[in-house]
Ligand SMILES: Nc1ncnc2c1ncn2[C@@H]1O[C@H](COP(=O)(O)OP(=O)(O)OP(=O)(O)O)[C@@H](O)[C@H]1O
Ligand SMILES: [Mg+2]
C-alpha cells in the first residue's frame, strides 16, 4: 500500500486531519460495534428459540409420513420402523431420535373427564427429546417395556383431580371406528412452570397408543441434533437412509409460524442495523466531503498535471477504506470483549421481565437465559459493515472530487 | 536548427466567458506558434488574457472559436479524459502558488506525476532525485513543502514539471510570490533546463527582470497579440 505515492497521499491526508479522521473512525466504530452486538444477540436468541422449540418436543428434524406436511394428519403412520430408527440413531451428530404416535381420547376419573391428546413414546429416549418430562415433580417417568402407565402435566392432573397411582380410564375411537378403552395408572406428574404447557402433557407407552388407535408403528421420529448449524447437512444424511418414502423435514417446516417469527424479527433488526449504519454513513460522507472541499486546490493542481478522474476516485476511496479498516478494528476492540463476556455469562431475561410463571411462547417454554454468539465471524462482519458504510460514504465525495475543474489551479484567490 | 517542429499552435483563437448576461471577451483572435526549444515570456497588463491563453495552451480549457493544436493533436477533437492524458504525457505545469501536495515530500511530489504515467517504483524515485539534484535540491528531497521556502517550493514545482520530459512546460506567473533573489534563482533553473535539455517553456509574468531571461517575448493587450519579438542575446 505504502509503495504507491497516491496511497501515501491518501493516508497522510487522513493523518493531516487527524481529529476529523479520528472522529469518523470513532463514529463508525460505535455504529459497527453496536451492530456486532445486536447480531451476536440475535443469533444467540434465535438459536435459543430454535433449541427451546426443539427440546420442547418439536425436534430439529423430523421424519414424517409422506403427505403429512400438507395434511397434518396424526392418523398417518410411517413406513419406517425399528430398523430405520436404529439407522437414524447411528448417524454421527444426532443427539437423539425418538419415535412417537398420537391419539385423541377422553380421560376419565370418577365423575370428572377431560379431553386429551395422548402421545405414545419410547420411554428410553423421550426425556432427551422433550425436556419437560426430564424432571418429574411427583412419581416417576415411564419405564421401557411398561404398559398401562401415564405421565401427565400438573394442569391436566388438577382438572381431573388425579393423584399418583390413580387409575384413569381412556376411551378413543380406533381406525375402524370402534370404541377402545384402557386403564392407565398415573405414575408421574410433570410441572413445567407453564400451565399452558402442563395442560398438554399426557404421555403413555407407544404400544398403548397402537392399541387405542388400532394403528401400528410410528407417526413421527423426532430428531435432536448436537449442533444447530448442521441441521441442513444432517437432514441430507437422514434423507439418504432407507425410509420407504417417508420425508425428513426441519423444524422450520414443522412450525412455519416460528420460522416466520424469527425471520420477521431478523428483518426488523436488519433494518435497525441499517438505519444505524446509514447515520454513520452520512456522518462519514460529510467528513469526507469536507476533506475533498478543503483540497479543491490540491485536486485541481493534480487534475491539471494529468491525474485522471479514476485516480482521484481511487485516492478518496482509499481514504474510505482506511477509515473503514481502522473503525472495524476499533469496533472489534470494544464490542468484541463485551460480546465474549455476554456469550460466557448469558443474558438473563428475568432481569427485564419479572414474572413467576415460566416464559412460554407459542406452546414452547423459553429458557430465561440466552447466550449471545461469539466467534471468528465477528471479524469479517465488522469489516463488512464498516467498509460498507465508509466506502459508500466515500462515493459521493469521490465523484465530487472528479468534478474539480483543473483550470482552477491557475486561478489564484485574491 | 532550421525547421523546428511546433509544439503548440493557436489559430484564430477566441475565448468568451459568460457570467450570466455579462460576456467577457478574454481572447480576440490569437495566432501563435510555439516551437520546440522556445523560451517564451507572455507579458501584458492585468486582464489582458495571459492566464486564459495558458489555459488553452495547457489543454485545461477549450477555445470558444479557432483551433489549438498541441503536439500535433487538435484540442477541439479531444474529450476531457483525452486532454488529461495529453497533459500527463506531453505537458508540464508550474503554477503561481499551491503547486505541491502538502503531505508529500519534495521527491514524492515529483514522483507522483511519474507514478501517474505508470513509471515503475525504483525508476521514478531515481528520476525524481536526478531532476531535484540538477536543480540543486538534492538535500531537500525528503522535506515536505511546509519545510521549504517559497523559492524552493517553486523550484520543486519546476522539477516536477520537467521530470516527465514534457514537450512543453507552461508557467503562470511562477515568480509572482517570490522575492527578487528567489525569482532570479527560479529563472536560472528554468534557463538551465532549457539550455541543457532543450525544454520548451512558456511563462507569463509582470516582472521585467524575469522577461529579460526570455528568448522570445509575446505581448498581449486586451486579448490580442500586439507584438512577438525574438531576441538572440539575453
Ligand atoms: N473564469 C472566468 N470567468 C469569467 N471571466 C474570466 C474568467 N477567467 C478570466 N476572465 C476574464 O477574462 C479576462 C482575461 O483574464 P486573464 O485571467 O486571462 O488575464 P491575465 O492576463 O492573466 O491577468 P493577470 O495578469 O491579472 O493575471 C479578464 O477580463 C478576466 O476577468
Ligand atoms: Mg493571470
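Only the coordinates and a few stated rules stand behind these numbers; no lab work does. These numbers come from a predicted model, not from an experiment. No Cβ is skipped: glycine too gets one built from the backbone with ideal geometry, and neighbour counts run over all protein chains shown.
Using the 2.2 N^0.38 Å rule of thumb for compact globular proteins, work out how the protein assembly as shown stacks up: its C-alpha Rg over that value, please.
Expressed relative to 2.2 N^0.38 Å, the Cα Rg reads 1.63.
From the square roots a ≥ b ≥ c of the eigenvalues of the alpha-carbon gyration tensor of chain B, which class results: rounded (a/c under 1.5), prolate (a/b over b/c), or oblate?
Details: a/c = 1.60, a/b = 1.41, b/c = 1.13.
Cα axes put chain B in the prolate bin.
So what is the 222 nm mean residue ellipticity for the protein assembly as shown from helices alone, if each DSSP H run of at least 4 adds -39500 (n - 2.57) and you divide by all residues, rounding to the nearest 500 deg cm²/dmol?
It comes out at -14500 deg cm²/dmol, rounded to the nearest 500.
Regarding the range A:144-242, what whole-number volume in Å³ per residue does the convex hull of its Cα atoms give? Working shown, then result.
Details: hull volume 15.5 nm³, N = 99.
Cα convex hull per residue, to the nearest whole number: 156 Å³.
For the range A:245-288, count all C-alpha to C-alpha pairs, find those more than 12 Å apart, and express that count as a whole percent of the total. Don't skip to the end; give the middle numbers.
Numbers: 666 of 946 pairs.
Across the range A:245-288, Cα pairs with separations above 12 Å total 70 percent.
Out of all DSSP beta bridges in the protein assembly as shown, what portion is antiparallel? Express it as a percent rounded to 5.
Expressed as a percentage, antiparallel bridges in the protein assembly as shown total about 75.
Taking only C-alpha pairs under 8 Å that are 6+ residues apart, what is the relative contact order of chain A in percent? Could you put the intermediate results ahead of the total?
Details: 744 pairs, mean separation 106.7, N = 414.
The normalised contact order for chain A reaches 26 percent.
Only Cα pairs within less than 10 Å get springs; with that Gaussian network setup on chain B, which residue of B:115, B:196, B:69 has the largest fluctuation?
In this elastic network of chain B, the residue with the biggest mean-square fluctuation among B:115, B:196, B:69 is B:196.
May I ask for the distance between the Cα centers of the range A:289-320 and the range A:150-229, given as a whole number of Å?
What the calculation gives is 75 Å, centre to centre.
Mind pulling the angle between the C-alpha long axis of helix B:180-197 and the longest principal axis of chain B? Nearest 10 degrees, somewhere in 0 to 90.
Once rounded, one gets 90 degrees.
May I ask you to derive the relative contact order of the range B:101-192, considering only C-alpha pairs under 8 Å and at least 6 residues apart, and to give it as an integer percent?
On the way: 87 pairs, mean separation 30.0, N = 92.
Here the relative contact order equals 33 percent.
Hey, in the GNM for chain A with a 10 angstrom Cα cutoff, which one of A:52, A:86, A:207 fluctuates hardest?
Maximum among the listed residues: A:86.
I'd like the Kirkwood hydrodynamic radius of the range A:1-132, using the inverse of the mean 1/r over distinct C-alpha pairs, in Å. Before the final figure, lay out the partial values.
Details: mean 1/r = 0.0481 Å⁻¹.
For the range A:1-132, inverting the mean 1/r across all distinct Cα pairs yields 20.8 Å.
Between A:64, A:301, A:189, where does the largest GNM mean-square fluctuation fall for chain A, given springs only between Cα atoms within less than 10 Å?
Result for chain A, Cα springs under 10 Å: A:301 fluctuates most.
Taking each residue in A:383-389, count the Cβ atoms of any other chain within 10 Å of its Cβ, then average. What number comes out? Mind dumping the intermediate values first?
Working: counts 0, 0, 0, 0, 0, 0, 0.
Per-residue shielding by partner chains comes out at 0.
Based on alpha-carbon centroids, what's the gap between the range B:38-66 and the range A:253-271 in Å, whole number please?
So the two Cα centres are separated by 68 Å.
List the extent of the Cα atoms of the range A:252-402 along each of their three principal axes, largest first, rounded to whole Å.
74, 32, 25
Under the √(5λ) rule applied to the eigenvalues of the Cα gyration tensor, what semi-axes describe the equivalent ellipsoid of the range A:59-254? Give them in Å, descending. Could the numbers behind the result be given before it?
Numbers: eigenvalues 170, 72, 38 Å².
Equivalent-ellipsoid dimensions as semi-axes: 29, 19, 14 Å.
If you take the square roots of the eigenvalues of the alpha-carbon gyration tensor of the range B:98-166 and sort them as a ≥ b ≥ c, do you get rounded (a/c under 1.5), prolate (a/b over b/c) or oblate?
prolate
Give me the distance between the Cα centres of the range B:175-202 and the range A:8-66, rounded to whole Å.
The range B:175-202 and the range A:8-66 have Cα centres separated by 60 Å.
List the relative contact order of the range A:59-254 as a percent without decimals, with contacts defined as Cα pairs under 8 Å and 6+ residues apart. Don't skip to the end; give the middle numbers.
Values: 452 pairs, mean separation 71.6, N = 196.
Result for the range A:59-254 is 37 percent.
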